[in-house]
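Read the structure below first, then the notes.
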Ligand SMILES: [Fe+2]
């Protein structure tokens, strides 16, 4: 068992090493160039990543704001056409060859931050096959998730306001949520968008193959602002709102009824073991903060 765990750990290190190596090579090439020339060139012909970054600067206005539908559509247009190569990775990378990874142990997600300020962040999530990010929320956030590579199962919920529901008694540790999505997506596919109270604000990712996800969070998580990430387990059920027989003497007696709507009870839990991720430095194509270069950077960025 111990030998198996060591092998698994070694394999994971090798995988992370492959990603590091590829990104480092890109950075070495970049560092040979003159920075000023590079930035000027970047402004004349911005890369897809730079375009994404600049639009995020325009679109995200800080905590308590949600981007307009037009802005959401425009950002999706940029993300929809992005590829792994736009963030310095390649679908040919050995990491993304599912045969390279065995089924032993719990595959872990690797994350790398491309950029972060108080208003938004750009993060890459790299999943080996079988890796899971359990159900988690995005408090007061708008999130764009672009699956750049692979097949991902996404399950998502939105909270239900139970205050006005006749016959609905909240359970002490459970909160009612409406199922928004429970299906698989294969790249290339459209960008998923979730909002503070809709679009599937609480979601779980399960990588059916090795996957690469570009996440745009606005604003990012912030413990200081009381917006840390919470994790949940779900107890799915069907259309329980129309069935007032859900609670009898505090026990979970479900009268499942046919209907288009599906609901679940969510219970907050301690961060599970499979939620732990490996963090690596982002060494891919850079983004250039033009406003900072011009000395007019917003003080809270
Ligand atoms: Fe998420």
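Points worth noting:
- Mean Cβ count within 10 Å, highest first, over the residues of peptides 79-87, 134-142, 276-284: 134-142, 79-87, 276-284
- Potential lengthening of the chain between residue 208 and residue 161 amounts to 13.6 nm, from the contour at 0.36 nm per residue minus the alpha-carbon distance.
- Relative to the current alpha-carbon distance between residue 58 and residue 91, full extension at 0.36 nm per residue lengthens the span by 8.8 nm.
- Under the simplified labelling scheme, the residue 273-residue 118 pair shows an inter-label distance of 4.0 nm, with each label point 7 Å from Cα along Cα→Cβ.
- Modelled spin-label separation between residue 45 and residue 186, with each label point placed 7 Å from Cα along the Cα-to-Cβ direction: 3.4 nm.
Every read-out reported here was derived from the displayed coordinates using simple, explicitly stated rules and does not represent laboratory data. Source: prediction; values computed, not measured. Cβ atoms come from the backbone with ideal geometry, glycine included; neighbour counts cover every protein chain shown.
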